[in-house]
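**Q** I am attaching a structure below and will ask some questions about it afterwards.
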4 protein chains.
Amino acid sequence: MSSTTAKSPDASRRSERSRKAILQASMELVGEVGYPKLTIEAIAARAGVGKQTIYRWWSSKAAVLLDAFTEVVHDENAEGSAGGLPDTGDIEADLKYVLRATADEFSDASFEAPYRALAVAAAADPELADQFVSRLREPGVRVYTERLRAGQEAGQIDPDLDLDLAVELLLGPFQQRWLNRTGPLTHEFTDGLVELAMRALAPRGAPR
Amino acid sequence: MSSTTAKSPDASRRSERSRKAILQASMELVGEVGYPKLTIEAIAARAGVGKQTIYRWWSSKAAVLLDAFTEVVHDENAEGSAGGLPDTGDIEADLKYVLRATADEFSDASFEAPYRALAVAAAADPELADQFVSRLREPGVRVYTERLRAGQEAGQIDPDLDLDLAVELLLGPFQQRWLNRTGPLTHEFTDGLVELAMRALAPRGAPR
Amino acid sequence: MSSTTAKSPDASRRSERSRKAILQASMELVGEVGYPKLTIEAIAARAGVGKQTIYRWWSSKAAVLLDAFTEVVHDENAEGSAGGLPDTGDIEADLKYVLRATADEFSDASFEAPYRALAVAAAADPELADQFVSRLREPGVRVYTERLRAGQEAGQIDPDLDLDLAVELLLGPFQQRWLNRTGPLTHEFTDGLVELAMRALAPRGAPR
Amino acid sequence: MSSTTAKSPDASRRSERSRKAILQASMELVGEVGYPKLTIEAIAARAGVGKQTIYRWWSSKAAVLLDAFTEVVHDENAEGSAGGLPDTGDIEADLKYVLRATADEFSDASFEAPYRALAVAAAADPELADQFVSRLREPGVRVYTERLRAGQEAGQIDPDLDLDLAVELLLGPFQQRWLNRTGPLTHEFTDGLVELAMRALAPRGAPR
DNA sequence: CGGTAAGCGAGACGGTACGTCTGGTCTTTGA
DNA sequence: TCAAAGACCAGACGTACCGTCTCGCTTACCG
């Protein structure tokens, strides 16, 4: 996988060994010291690599981390699952199930540290935000959009809805609570959120 | 207003002149160079103040900025408005009106730069997050909670709702879109958001 | 004893308690941390005194130390001895005796540290050098001049000699060796120095 | 010439350009502002060099200045003269000639300022004193020792003398007067000093 | 004998420099 | 011939002191 944040040199000569060492070192270090104290120098030292080798291929420590995280995510997804949301026919149950899983993932420190680091860096840096959204956030969001579309076809979701807005209604509160740490990401919370959101998403004539 | 992020020295001897100069310089500079390039040295230089005077009273540049921003917000609020949301009797209209105003505020660069800086810093630093939420976010959120409670009493909002969750449903998508820059904060967006959220908040038996 | 390095305030109101505490603290601290790391702040803290009280009465840390040292020297001299060199009639023996004693004094750390500090500061600062020479060095040198004058009258010293130069010949090598640490100040050294110098000071026709 | 005060990095990668700029800037600045007000920051700024480059290769501003001064002295010596004292056969005349020249040198401000700075720093710091004595003082002293040895062989100096002590007798008073500023370094003084010292150094049976 | 003006301990202030750390660039060297 | 190693310029970090200043408070003197 080639980096979309790369600068320009001849990628064919690139050392795969160095690339991997750098990505792995970034992930380790961000977990150990946190993003603000993560330095290019430390990454280079841990990876046994010259600083220039990092500057040659990435534009910032955020770009390194984004590549590192992307690689991990892809590896995990490749391992097995189809990636889409389950479709049992009961959309509310399906959403609850997946949002619970997402909450668990966001409570796992080894996932949380680098992901939060990237989310924060992206919030501060519009250029990085593009990358972050399109490579990490979009794929995660799309499956919700698709499940909702299936729900529309099954008559469980109002057919007139703007699905993007619908997904924002569902995930915005979740992300917000996580980013601001305004409360714990419990299953009670996610279930309640799904129930409340479904009241907005259900067809208007639906039984209540 | 005394800083809750202060360290410990004898506050009675504190120079008001210096305190104000520092807060003003912070606000100016964060607008000019952005939060990541904001330095204590530059604040001190701009304010005509020794660096130690900053370190004596604040623990980080984020703490300075938080005080600076808080002061601005309080000054503005003190200038006139009662601070609460309007209550015309039509809750959806009221919410649309205020969310439009909020969107406009968040589109104003002179407000956006320091506020985003703080939001980002708070997302990365739990200690700061406490301060940020309780001093800037809470007050803004509370007025929504209160308006919704009035709506409950007026029969426009489902009386069984958890109002905190209800406010999250309304503001989460807004904040998320702003932080991630996933889309523009237009009036169309805020109106649509209010309409959709109201479908979840309205009493179950309400006419649709 | 009033300080000749004082600035100008009304000395009659001066706190004797503070003055003594400052001088004592200086002497202690210069022994503990050395002259370059001796700070006014530390002296004030140790003495339980405001910094301004030091700045009010002294112009520099060297001036403080000079007063402190002068006071110690005077106290010791006042304790007993007449202060002059012994005169047994044998000038070479007398000089050897006194130079041995001087060597011992300069080998005593509690004397050496502050005295060297002053000598060094004086070498760098002409203004202080005046004070240092006239208050500490001159008195010590004068006794040699007088003993040599007595030797002239007794016919043991060449009557045509410039006595100031003669004393420089005797003490210069001693001071030089001490300041530069080019060798130890042993009794062998001082005895040899006296013997050699006496060859220059003796009357030309003297038996050899 | 490699610095004996260096710390430890790989000297082969050292920038000669930076090294020279630093030494030159030190010499200029010590003349302009004096040793106590000489700062590493100012040296770095004048030399167009990062501070770290100074800290990497020297342990203190005194070490920098010592290297700078050593280099100047070596350059001058390399320019021409054999470096030894003249030997006209008349040792007293030779000594007078050289001591006059030395006095003139010590009266030259551009030489005096840095040399005094080093002498003072060395007097305060034993570690630096070693360097100072062995690199600047020793070479200057040795030529006197050698000229006196020649004088011994020529029968003008007492063959039983300890030559090191003899040189101290000659130069100690000179150095002392210079360091303490107890008098001007005139030719009258140096001539008188040589004459007096020679009375001690001449063979005992010599005609007087 | 009570007011007033100094010296006092305390410590905040505007500054300068410290020595360290990291960012990003440039240069040398070994595989 | 490229990448590791790391020296380089630059400049912010947070700390230590500088010398000045302002606070209340004692503590003398003087009207």
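**Q** Let me know the mean shielding of D:119-129 by other chains, meaning the per-residue number of their Cβ atoms within 10 Å of its Cβ.
**A** Partner Cβ neighbours, averaged per residue: 5.
**Q** If you fit an axis through the alpha-carbon atoms of helix C:61-79 and take the longest principal axis of the Cα set of chain C, what angle between them do you get, 0 to 90°, nearest 10?
**A** The two axes meet at around 60 degrees.
**Q** Also: In debye, nearest 20, what is the charge dipole magnitude of chain B about its Cα centre with +1 on Lys and Arg Cβ and -1 on Asp and Glu Cβ, if you could check?
**A** 940
**Q** Roughly how big is segment A:81-201's charge dipole about its Cα centre, with Cβ charges of +1 (Lys, Arg) and -1 (Asp, Glu), in debye to the nearest 20? Can you show the working numbers first?
**A** Values: 11 positive and 22 negative charges, 68 e Å.
Magnitude of the dipole: close to 320 debye.
**Q** To the nearest 20 Debye, how big is the dipole of the protein assembly as shown about its Cα centre, given +1 on the beta carbon of each Lys and Arg and -1 on that of each Asp and Glu?
**A** Values: 96 positive and 128 negative charges, 79 e Å.
Dipole of the protein assembly as shown, to the nearest 20 debye: 380 debye.
**Q** Sorted from largest down, what three extents in whole angstroms do the Cα atoms of the protein assembly as shown have along their principal axes?
**A** Computed over the protein assembly as shown, the largest-to-smallest principal extents equal 137, 74, 35 Å.
**Q** Before I look further, what does the protein assembly as shown give for accessible area per residue, probe 1.4 Å, in whole square angstrom?
**A** 48
**Q** Mind giving me the nanometre distance, one decimal, between the label points for B:A93 and B:R204, set 7 Å out from Cα along Cα→Cβ?
**A** Label at B:A93, label at B:R204, 3.0 nm between them.
**Q** Put simply, what bits of segment D:152-176 lose 40 Å² or more of accessible area when the other protein chains are there, versus the chain on its own (1.4 Å probe)?
**A** Residues losing area: D:L165, D:E168, D:L169, D:P173, D:Q176.
**Q** Another question, if that's okay. For the Cα atoms of chain D, what angle does the longest principal axis make with the long axis of helix D:16-33, in degrees from 0 to 90, nearest 10?
**A** 70
**Q** Also, I was wondering about something else. How many Cβ atoms of partner chains, on average, are near each residue of D:191-198 if near means within 10 Å of its Cβ?
**A** Mean partner shielding for this stretch: 3.
**Q** Beyond a 25 Å Cα-Cα separation, which of these cross-linked pairs lie in this structure: C:K61/D:K20; A:K37/D:K51; C:K37/D:K20; B:K20/D:K51; A:K20/A:K61?
**A** Values: C:K61/D:K20 35 Å; A:K37/D:K51 23 Å; C:K37/D:K20 30 Å; B:K20/D:K51 34 Å; A:K20/A:K61 15 Å.
In this structure, C:K61/D:K20; C:K37/D:K20; B:K20/D:K51 exceed 25 Å between Cα atoms.
**Q** With label points built 7 Å along Cα→Cβ from the Cα atoms of D:D164 and D:E76, find their separation and express it in nm.
**A** A separation of 2.7 nm, rounded to one decimal place.
**Q** Go ahead and run the numbers for FRET between D:E188 and D:S110, Cβ-Cβ distance against an R0 of 30 Å, rounding to 0.05.
**A** Calculated transfer efficiency: 0.80.
**Q** Given all pairs of different Cα atoms, what value in angstroms does the Kirkwood hydrodynamic radius of segment A:11-60 take?
**A** Roughly 10.9 Å, rounded to one decimal.
**Q** Placing +1 on the Cβ of each Lys and Arg and -1 on the Cβ of each Asp and Glu in the protein assembly as shown, which of D:L29, B:L163, A:H74 has its Cα farthest towards the positive end of the resulting dipole?
**A** Ranked along the dipole, the leading option is D:L29.
**Q** Beyond 21 Å, what percent of the Cα pairs of chain A remain?
**A** Tail fraction, whole percent: 59.
**Q** Below 8 Å, C-alpha to C-alpha, sequence gap of six or more: please give me the relative contact order for chain B in percent.
**A** About 20 percent, as a whole number.
**Q** If you fit an axis through the alpha-carbon atoms of helix D:138-153 and take the longest principal axis of the Cα set of chain D, what angle between them do you get, 0 to 90°, nearest 10?
**A** That works out to roughly 20 degrees.
**Q** Here's a follow-up. Once you place label points 7 Å from the Cα toward the Cβ at A:Y55 and A:D130, how far apart are they in nm?
**A** Here the modelled spin labels are 2.4 nm apart.
**Q** Turning to a different aspect of this structure: In Å² (nearest 100), what accessible area is buried between D and C, both sides summed, heavy protein atoms only, 1.4 Å probe?
**A** Buried: approximately 3400 Å² between C and D.
**Q** What whole number of Å gives the distance from the Cα centroid of segment B:136-208 to the Cα centroid of segment A:166-187?
**A** A separation of 14 Å, based on Cα centres.
**Q** Hey, got a sec? Which trypsin sites (Lys or Arg not before Pro) in segment D:119-169 land in a DSSP loop and have at most 12 other Cβ atoms within 10 Å? List each step's numbers first, then the result.
**A** Numbers: sites: D:R135, D:R137, D:R142, D:R147, D:R149; in loops: none.
Those that pass, being in a loop and sparsely packed, number zero.
The values are calculated or read from the model by the stated rules, or taken from the named source; none is laboratory data. Predicted, not measured: the structure shown is a model, and the values here were computed from it. Every residue, glycine among them, receives a Cβ derived from its backbone with ideal geometry; neighbour counts consider all protein chains shown. To get the accessible areas, we keep the full protein, side chains included, count just its heavy atoms, and leave off ligands, DNA and RNA. Shrake-Rupley method; radii C 1.70, N 1.55, O 1.52, S 1.80 Å.
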